[in-house]
Structure formats: C-alpha cells, structure tokens
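Structure record follows, encoded as structure tokens.
The values are calculated or read from the model by the stated rules, or taken from the named source; none is laboratory data. Values in this document were obtained by computation on a predicted structure and should not be read as measured data. Cβ atoms come from the backbone with ideal geometry, glycine included; neighbour counts cover every protein chain shown. Surface areas here come from the heavy atoms of the whole protein model, side chains and all, with no ligands, DNA or RNA. Shrake-Rupley method; radii C 1.70, N 1.55, O 1.52, S 1.80 Å.
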Amino acid sequence: MNKLILGRYIAGDSLIHRLDPRAKLVLSFYFVGIIFMANNWQSFSMLLIFTLGCILASKISLSFFLKGVRPLIWLIIFTVALQMLFSSGGQMYWHWGIFKISEFGVTNGLYIFCRFILIIFMSTLLTLSTAPLQLADAIESLLKPLKAIKFPVYEIALMLSIALRFVPTLMDETAKIMNAQRARGVNFGQGSLIKQMQSIIPLLIPLFVSSFNRAEDLAIAMESRGYQGGEGRTKYRVLKWQTTDTMAFVLFAVVTVALVYLKN
Amino acid sequence: MTEVIKVDHLNYQYEAQKELNEMALKDVSFTINKGEWVAIIGHNGSGKSTLSKNINGLLAPKSGEITVDGLVLSTETVWDIRRKIGIVFQNPDNQFVGATVEDDVAFGLENNGIERKEMQERVRDALERVDMWQFAAKEPARLSGGQKQRVAIAGIVALRPEVIILDESTSMLDPEGRDEVLSLIHQLKDERGLTIISITHDINEAASADKIMVMDGGQLVKQGTPAEIFALGEQLVDMGLDVPYPERLKAALKKRHFDIPDDYMTEEGMVDWLWQLNSTK
C-alpha cells in the first residue's frame, strides 16, 4: 500500500523541482502530444536524449524511472510483439503462417517501444518531482478560466487538497481495522479469490462508516472556522511564475522545431 | 466585569427527538464574564457539546437568545460570532483541514478574506506562539496528537478571538499531550485576556477553573466555584460524575471532625496540608 502513486514524490531542490507545477503539468502533456510526431530514428533519439537530460537535471536516480516502467511491462511487450508479428513491408526475415517478422515490423515495434518509454519517463518525472499538493494547486490555477461557466474551481481544489491530506490518515485507519479484524480471525490475502474478496468486506464497511464520521466532524470544524464556500476567500499558497518557467517553454519550442526538422 | 457570553432561556431539540418529545437543552440561562475560565461538566448526553454548538451557531436554537460580545446570534451575525469564538474539537485529525501545518493555520484566515501579506505574518506569529513554527511545512501525519491540537489552537489564535471553547479537546491525548495543551491555553488566556469555556470529563481539569457549570439531562443544574461544586459530593456522583480524590478525602476527614479549609485543594496541596496538620497544633 506504500506504493500508492500519490506518495511517489521525492523531495529535492533541483531545477526541475523548482519549476512552477503549472509549467510542468502543461509541458508534460504537451510532450506526450509531440512524441507522436517522431517517426524516424533521428527524431526518436533526439527525444530520448532530451528526456534523459531532463531526468539528469532532476537529480533523481534513473532506477526510480525504471521502476515506473515495471507495472506496464506486459502491456509494452504485448503491443510491441503485435506490431512486430503482424505488420509487413520491406525485407522479410521470418514467417510462419500468419506470423511474420519484417523490416517494417521491427522498426515499428522499436518506435512503439520508444514511445512508451518516453511517455512513462516524462510522466514519472512529473510525479516524482512535484508534490501532490503542488499538482492540486496547478490544476486549480489551470482550471480557473472555467469559473466563467460556473464550474466550482475553488471547491474542486479544496476537495483535492483535503483528499490528499486524508490519504495517510485513512491508511493508518485501514491498518488499524485490519489488525482489529485479524484479531477476530479474518484472514487477509489468503484462500481463493472469492475468499479474499469476502475478507475485504469487514475492512471496507468500518472504513466507510468512520470516513463518514470524519467527514461530518471536518465539516463542523470547517464551518466553525468560518468556511462559507469559495467566494471571498483569499489564498495562502500562491504559485509564482519565474523566468525559468518561461525558459522551459522556450526549450520545448526549440525541441518541437528540431522534431519537425528531423522527422520524415 | 463585562459579559462576553449571555445565554438566555435557550432550548434546543434534535430532529430525532421531536417524536419522543425530548429536549437536548432545556431552558439554559447563564452569563460568562470576560477573562473567566469556565468548565462545563456532565456525563455523556447531558447536553454539553450541544450547548457549545449552539453558542457559535453551528446548531440553531429552538428558542431563546444568545449574545456574544454584544452581538445577538442570528443568521446575519453568525459569521462575525464565529470569528469571536474558536472551538478546539475532540479529534485532532478530524479538524485538520490543511495539507500542511501552515496551510491549516491559514485556513481560517483564508475564509475571512485576510490579505496574503497579513496572513503570512499572522500564521507565523500564531505558530511561534504555540511553539510549532519549526513544523510549518510538515504534514499532519507526522505530528503527535498534542502537536495537532496545538496547531488547531494556532489556527484559532491567528483569528484573534475573544473566546476559546475546548470541546473535550484533551480527551484523546496522552497525559503529556494534555498537559502541553492545557498549559498553553492557560498562558494564552493570561496574555490575551481570553475567555475559556472548557467542556470536559476530566474532573481535575475542571478543578482549576474559575467557575464550574454542571449539566444534566439538558439542564444547567448547578454552577459555582470548584469548591462549591465539589462540596456537593454525593449529588455529583448521582449525576454520574466523579469527585476528585482530595475532595473525597476531605469529606471523609470532615466526618471524623477534622478542621479542614473549605476551598478546593489539589492533590499536592492536600499532601502539604496533611503533613503540617499535627505540627501546627
């Protein structure tokens, strides 16, 4: 349970860590978009070098990024294999029935593999170098224009930050309930799949009940501290756009131009 | 002395009590003066917490009037009154709104639309006051119960209230955390002339109050100084309350015709008195 995505943030003080979370969020999405423009080995190697450069600048060990690939490894192998075995064109190396390995298939497979790695590395970099709370702030800030159409941006942001704040509290609670139920003879993680699913019920029900009680307490505490919704609230945490953030955008523009130039 | 809180013939009924024709608060009237420390005691379900929630408008009274610092509680004044009254609740986790210590202290200030610059100063002042500034960027999960309650107090202090209500705020803490929180509240009260209303099960905590109010079955049955209240002895026990050990000892000694002073004594005070008993004769 410690491997929860929200807890992946690794504190640090690198250039990447200090970037405005809004810049990081927007640029990560943008990068995933432009990856699909790459279609030859020159463009892919340029993107790979760029990504590795970003990782180096974050001063986070590469092993964390490789760990990010692990849960998706079967998906990657499956997709790459599909590409290799079923696309044709160019020189044929091997074939058996409907399966064939051709020149095009191999290169396509490699490209897809690179695409996966690039997307995983870049998004891992975002979550490793940005605290969840900062991401929540960034989302709030980026959603602000939606206020014009009465979208409750403040409320959503507060919900996000409260949810993040209660993750460790609820994890503690889960551990406590598990122990309490174990003491009453429940076996977690043993027996058939159905047995295991059944053993979740005595865990979930008390957790739900106590979460609702917490929510009620929290609502009372918030009201007694003067919470009346988003209107008229000031903000304690403020995101500051710096020159380095603008520079990051310029850098990505350069990468885009290079990519357009290098691709077929 | 000026009155800070005046409660006049307050009645309250929970939705679920309507059919049973029961009342959570029955004709409660009292006044609390500025700078007083008032303890409200009573067994579970006696209406203590309901009373505190009525005072800051979290629950709407069925009838009666509540005046806080000259303002009569109504839908128009409720937010002003909430700024004057801070409540520290029982569960340290369930009142921690912010993702970090400083965010939590800032929460009340944000709600009141305080400007950011002043907000930063007030957050820092309040956290330094409760000796938690070095934890400003920490998440609540890394704090002890007592530390979380101190942050809750900082969040209230930052709003500069007149009254702090302790709604069983120390009941989930270990003895150390309890002492930590109570001595802090004592200091704050003296420094800033705050009025403290402490709702408590802890009879020893109540003993150090200026005034004790005893609730039973939604009614305010007795109020007086700790000495007056504890002199009731058996009557308190009948209401499901405990009498502090020195008081029980005093009552027992009185039965045996020892000449014992009437005012309330702590356990140490009692010991001091006891070992001087024969030497002064």
Discussion item. Take A:Phe64 and tell me if it is over 25 Å from B:Glu139 (Cα atoms) and among the aromatic types (Phe, Trp, Tyr).
Written reply: no
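Taking the condition of a type in the set (A, V, I, L, M, F, W, C) and in contact with a helix residue (DSSP H, G or I) (Cβ under 6 Å, 6 or more places away or on another chain), does B:Phe230 pass?
On the way: of a type in the set (A, V, I, L, M, F, W, C): yes; in contact with a helix residue (DSSP H, G or I) (Cβ under 6 Å, 6 or more places away or on another chain): yes.
Against the criterion (of a type in the set (A, V, I, L, M, F, W, C) and in contact with a helix residue (DSSP H, G or I) (Cβ under 6 Å, 6 or more places away or on another chain)), B:Phe230 qualifies.
Would you confirm whether or not segment A:138-150 contains a residue that is touching a residue at least 24 places away in the same chain (Cβ under 8 Å), open to solvent by less than 50 Å² (accessible area, probe 1.4 Å) and under 30 Å from A:Lys59 (Cα atoms)? If you could, list the steps in order and put the result at the bottom.
Step one: list which residues in segment A:138-150 are touching a residue at least 24 places away in the same chain (Cβ under 8 Å), which gives A:138-139, A:141-142.
Those left that are additionally open to solvent by less than 50 Å² (accessible area, probe 1.4 Å): A:138, A:141.
Cutting the leftovers down to under 30 Å from A:Lys59 (Cα atoms) gives us A:138, A:141.
Yes: one or more hits.
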Item to complete: Take B:Arg160 and decide whether it is of a type in the set (D, E, K, R), in a helix (DSSP H, G or I) and either within 14 Å of another protein chain (Cβ to nearest Cβ) or open to solvent by 10 Å² or more (accessible area, probe 1.4 Å) (or both).
Response: no
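Within segment A:83-101, is there a residue that is touching a residue at least 24 places away in the same chain (Cβ under 8 Å), closer than 30 Å to A:Arg18 by Cβ, of a type in the set (S, T, N, Q) and in contact with a helix residue (DSSP H, G or I) (Cβ under 6 Å, 6 or more places away or on another chain)? Spell out how you get there, then give the answer.
Of the residues in segment A:83-101, the ones touching a residue at least 24 places away in the same chain (Cβ under 8 Å) are A:83-84.
Adding the requirement that they be closer than 30 Å to A:Arg18 by Cβ leaves none.
No, segment A:83-101 contains no residue that is touching a residue at least 24 places away in the same chain (Cβ under 8 Å), closer than 30 Å to A:Arg18 by Cβ, of a type in the set (S, T, N, Q) and in contact with a helix residue (DSSP H, G or I) (Cβ under 6 Å, 6 or more places away or on another chain).
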Worksheet item: In segment B:3-35, what residues are over 17 Å from B:Ile85 (Cα atoms) and in contact with an Asp or Glu (Cβ under 7 Å, 6 or more places away or on another chain)?
Response: B:Asp8, B:His9, B:Asn11, B:Ser29
Worksheet, complete the sentence: Listed by first then second residue, the pairs whose first member lies in segment A:161-178 and is at the interface with chain B (Cβ under 8 Å from one of its Cβ atoms) and assigned to a helix (DSSP H, G or I), whose partner is open to solvent by 20 Å² or more (accessible area, probe 1.4 Å) and of a type in the set (A, V, I, L, M, F, W, C), with beta carbons under 8 Å and at least 6 positions apart or on separate chains, are A:Ser161/A:Leu133; A:Leu164/A:Leu6; A:Leu164/A:Leu133; A:Pro168/B:Ala141; A:Thr169/B:Ala141; A:Asp172/B:Ala141
Response to the item:
The condition from (1) surrounded by 16 or more Cβ atoms within 10 Å (Cβ to Cβ); (2) at pLDDT below 85 that B:Ile185 misses is numbered (2)
Worksheet item: Taking into account only those residues within segment A:195-221 that are within 30 Å of the chain's Cα centre (by Cα) and facing chain B (nearest Cβ under 7 Å), which is farthest from B:Asp80 (Cα to Cα)?
Response: A:Arg214
Discussion item. Return the residues of segment B:128-147 that are away from every other protein chain (no Cβ under 11 Å), open to solvent by less than 70 Å² (accessible area, probe 1.4 Å) and assigned to a helix (DSSP H, G or I); say none if nothing qualifies.
Written reply: B:Arg129, B:Phe135, B:Gly145, B:Gly146, B:Gln147
Discussion item. Whether any residue in segment A:190-198 is under 30 Å from A:Val26 (Cα atoms), in a loop (DSSP other than H, G, I, E, B) and open to solvent by 90 Å² or more (accessible area, probe 1.4 Å) is what I want to check.
Written reply: no
Worksheet item: So which residues in segment B:59-90 are out of contact with any Ser or Thr (no Cβ under 9 Å at 6 or more places or on another chain), assigned to a loop (DSSP other than H, G, I, E, B) and either open to solvent by less than 40 Å² (accessible area, probe 1.4 Å) or within 10 Å of chain A (Cβ to nearest Cβ) (or both), if there are any at all?
Response: B:Thr77
Response to the item:
Restricting attention to segment A:53-68, the residues that are free of Cβ contacts under 8 Å to residues at least 24 places away in the same chain and not basic (Lys, Arg) number exactly 6
Worksheet, complete the sentence: The one condition B:Leu51 fails out of (1) within 13 Å of another protein chain (Cβ to nearest Cβ); (2) farther than 22 Å from B:Arg178 by Cα; (3) in a helix (DSSP H, G or I) is (1)
Worksheet item: Residues of segment B:104-118 being free of Cβ contacts under 8 Å to residues at least 40 places away in the same chain and surrounded by fewer than 22 Cβ atoms within 10 Å (Cβ to Cβ), which ones?
Response: B:Gly113, B:Ile114, B:Glu115, B:Arg116, B:Lys117, B:Glu118
Worksheet item: So, in segment A:229-250, of the ones that are in contact with a Phe, Trp or Tyr (Cβ under 9 Å, 6 or more places away or on another chain) and within 7 Å of another protein chain (Cβ to nearest Cβ), which residue ends up farthest from B:Val97 (Cα to Cα)?
Response: A:Arg233
Discussion item. Just to be sure before I move on: is B:Ile85 modelled with pLDDT of 90 or more and in contact with a Pro (Cβ under 7 Å, 6 or more places away or on another chain) in the structure I sent?
Written reply: yes
Fill in: Residue pairs meeting the criteria (Cβ under 6 Å; at least 6 apart or on separate chains; first within 24 Å of A:Met171 (Cβ to Cβ), in segment B:125-143; second open to solvent by 80 Å² or more (accessible area, probe 1.4 Å) and not hydroxyl-bearing (Ser, Thr, Tyr))
none
Worksheet, complete the sentence: Taking segment A:102-121 and keeping only residues that are modelled with pLDDT under 85 and surrounded by fewer than 18 Cβ atoms within 10 Å (Cβ to Cβ), one is left with A:Glu103, A:Phe104
Discussion item. Against the condition among the charged types (D, E, K, R), open to solvent by 60 Å² or more (accessible area, probe 1.4 Å) and in contact (Cβ under 8 Å) with a residue 40 or more places away in the chain, how does A:Lys24 come out, does it pass?
Written reply: no
